[in-house]
Amino acid sequence: MIDLRSDTVTKPTVVMRQAALEADVGDDVYEEDPTVKKLEEKAAEMLGKEAGLFVTSGTQGNQVAILTHCRPGEEVLLEANAHLFLYEGASMSALAGVQPRTIQGNRGVMDPEDVRAAIRPDNIHFPKTSLICVENTHNKAGGVVVPLKNMQEIYEVAREAGIPVHLDGARLFNASAATGISLKRYADQTDTVQVCLSKGLGAPVGSIIAGSYPFIQKARKWRKRLGGGLRQVGMIAAPAYIALTEMVGRLEEDHRHAKQLAAGLQQIEGLQVERPETNIVLVHVDGLAESAESFLQHLKADGILGGSFGPATVRFVTNYGVRSEEIDEVIDRVASRYAF
Ligand code: TLP
């Protein structure tokens with residue numbers, strides 16, 4: 001099977017497995033695991049924040065951030081197709097007791113003036129706007145890089161209103177690889193950030209949230225409340241450290257493969273392919289007169305896995321497990337089924 005469902009399907013490298021085996025460990029609830037400390041310090045340094053916290057997943061990281069920033073009854077502003085809104089099981093409402101308020105972006109990019117207009121004035125009827133979330137790269141929009149300038153403008157609006165900004169940077173490394181803009185410069189436009197190590201970087205488990213030292217101290221308690229206080233966590237922090245220090249450079253390969261895939265698929269009549277900016281390729285299949293689900297069933301029968309991103313939209317995510325020859329193979333197999 002050629003698995004393009006997500007970059008989350010990557011398996012740890014031999015070096016990561018070896019690092020897990022040899023990791024120096026301790027009980028992290030007592031803050032005694034040297035390996036996770038090293039990881040958190042390194043991640044915070046790369047993101048230009050005072051402190052970092054290892055969490056088990058991107059979802060846990062985003063939720064811990066929301067729980068730390070907000071109180072029940074408050075409101076969070078975010079883009080209408082944000083992962084935090086679409087794919088986290090309404091956890092901000094279920095866990096933090098906050099209400100999401102969505103802003104329709106253009107390919108995932110919010111207009112700062114729309115953000116300004118959505119901030120609630122002080123009025124007995126209204127919830128308090130307590131957080132603004134940005135996602136970069138934007139998953140649902142197709143791995144779109146949110147421009148740094150847009151993030152700067154949103155941060156300015158937020159600061160004027162005294163509201164913190166959280167960045168869902170599950171794929172911030174991809175944004176940085178695509179633009180050459182450092183992680184720090186992106187993270188500078190937010191108070192807190194969540195980055196995933198288990199996507200294109202290939203770690204088996206884990207994300208980091210980063211922010212000010214007092215924020216991370218509070219977040220540590222929320223993580224514990226959620227059952228995320230881990231013991232000999234160095235076993236998974238060691239491969240995550242390798243992801244952070246040795247795998248960032250490889251993301252360009254995924255981006256090249258995404259372009260290769262898009263170029264090949266768009267030659268096939270009936271497919272409308274969006275130009276990929278990073279490692280995500282969105283393909284609209286309306287022109288084939290079949291649904292995304294049935295297209296994916298056919299592909300599966302041909303040994304290819306992708307994901308459904310709407311009734312007639314399919315998502316392919318290039319990743320560490322898929323080589324250039326396999327991308328050609330995907331194009332050939334789709335062409336031989338669909339090309340006239
Ligand atoms: N996204 C997954 C699915 O949940 C859709 C994927 O395959 O792309 N933020 C963003 C922008 C994400 O894309 C994801 C994962 C997360 C947060 C959550 O990360 P995990 O899966 O580690 O909880």
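The values are calculated or read from the model by the stated rules, or taken from the named source; none is laboratory data. Since this is a predicted model, take the numbers as computed values, not measurements. Because the Cβ atoms are built from the backbone with ideal geometry, glycine has one as well, and the counts that use them run over all protein chains shown.
Checking each residue in segment 99-113 for being in a loop (DSSP other than H, G, I, E, B) and either surrounded by 15 or more Cβ atoms within 10 Å (Cβ to Cβ) or at positive phi (or both) picks out Gly105, Arg107, Gly108, Met110, Asp111. Scanning segment 161-181 for residues that are surrounded by fewer than 21 Cβ atoms within 10 Å (Cβ to Cβ) and without any contact (Cβ under 8 Å) to a residue 40 or more places away in the chain yields Gly162, Thr179, Gly180, Ile181. Of the listed requirements (1) in a helix (DSSP H, G or I); (2) farther than 19 Å from Asp188 by Cα; (3) more than 17 Å from the chain's Cα centre (by Cα), Pro72 misses just one: (1).
Taking the criterion of being touching a Pro at 6+ places or on another chain (Cβ under 9 Å) and either small (Gly, Ala, Ser) or assigned to a helix (DSSP H, G or I) (or both), no residue of segment 32-50 qualifies. Considering only residues in segment 120-156 that are touching a Phe, Trp or Tyr at 6+ places or on another chain (Cβ under 8 Å) and among the hydrophobic types (A, V, I, L, M, F, W, C), the one that is surrounded by the fewest Cβ atoms within 10 Å (Cβ to Cβ) turns out to be Leu148.
Please work out if Val281 is among the β-branched types (Val, Ile, Thr), within 16 Å of the ligand (Cβ to nearest atom), under 24 Å from Leu172 (Cβ atoms) and not assigned by TED's automatic domain parsing to the domain that holds Val25. For Val281, the condition - among the β-branched types (Val, Ile, Thr), within 16 Å of the ligand (Cβ to nearest atom), under 24 Å from Leu172 (Cβ atoms) and not assigned by TED's automatic domain parsing to the domain that holds Val25 - is met. For segment 88-99, the count of residues that are over 17 Å from Lys218 (Cβ atoms), within 15 Å of the chain's Cα centre (by Cα) and touching a residue at least 24 places away in the same chain (Cβ under 8 Å) is at least one. Within segment 59-81, does at least one residue satisfy the condition of being within 16 Å of the ligand (Cβ to nearest atom) and surrounded by fewer than 18 Cβ atoms within 10 Å (Cβ to Cβ)? Yes: one or more hits.
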